[in-house]
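One structure is given here, and the rest of the page talks about it.
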Amino acid sequence: MPAKLTKEQLKKYSEFLKGLELEDIWVKSDRYTFYDDMHKPTPGNFDVRVSVKKDNTEIDVAKGRAIMGYEIVISEKEKIIFKDEIDLVVNLQISKDSIDEIFSDNALKEFFIGKQLVKITWPFIREIFYTNLARVGIRPIILPFLK
């Protein structure tokens, strides 16, 4: 969970966001596994867990590039039915000075990764997951909007 920010940090972060633009986003890797093709999730009887894979999250400040890794697991009665591991590459247009200033503050850096990068990548993750379920014959599950 990203850290809570002070008013001063929020002001600095708000100014930082004004200069942030998404240039490009693409799938670096997408690995999905359907563990039991004889068993499809029973509607209303399964759990979906989405997590950011922190060990797969990288930021190259000099290139304005981030890699965000996600793992989405569908399970029923604690048995994994389907797992999708997705890594996205995000190219951002931002000044190096601006990002250096934000990343010099650990709370702001954590907030950027935990909030902003997730908000940027979430629509893409939702679509990839939805499509992958359809590919293996599982009735698509729509991941919720981020609020």
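Checking 89, 73 one by one, the residue that is touching a residue at least 60 places away in the same chain (Cβ under 8 Å) and either closer than 24 Å to residue 32 by Cα or assigned to a helix (DSSP H, G or I) (or both) is 89 and no other. Summed over the stretch 54-68, the residues that are under 15 Å from residue 20 (Cβ atoms), charged (D, E, K, R) and either under 11 Å from the mean Cα position of the chain (by Cα) or modelled with pLDDT under 85 (or both) give a count of 1.
Of all residues in the stretch 43-53, exactly one satisfies the criterion of being more than 17 Å from the chain's Cα centre (by Cα) and either among the small types (Gly, Ala, Ser) or under 24 Å from residue 100 (Cβ atoms) (or both), namely 44.
The values are calculated or read from the model by the stated rules, or taken from the named source; none is laboratory data. All of these numbers come straight from a predicted model, not from anything done at the bench. Here the Cβ is made from the backbone with ideal geometry for all residues, glycine too, and neighbour counts use every protein chain on show.
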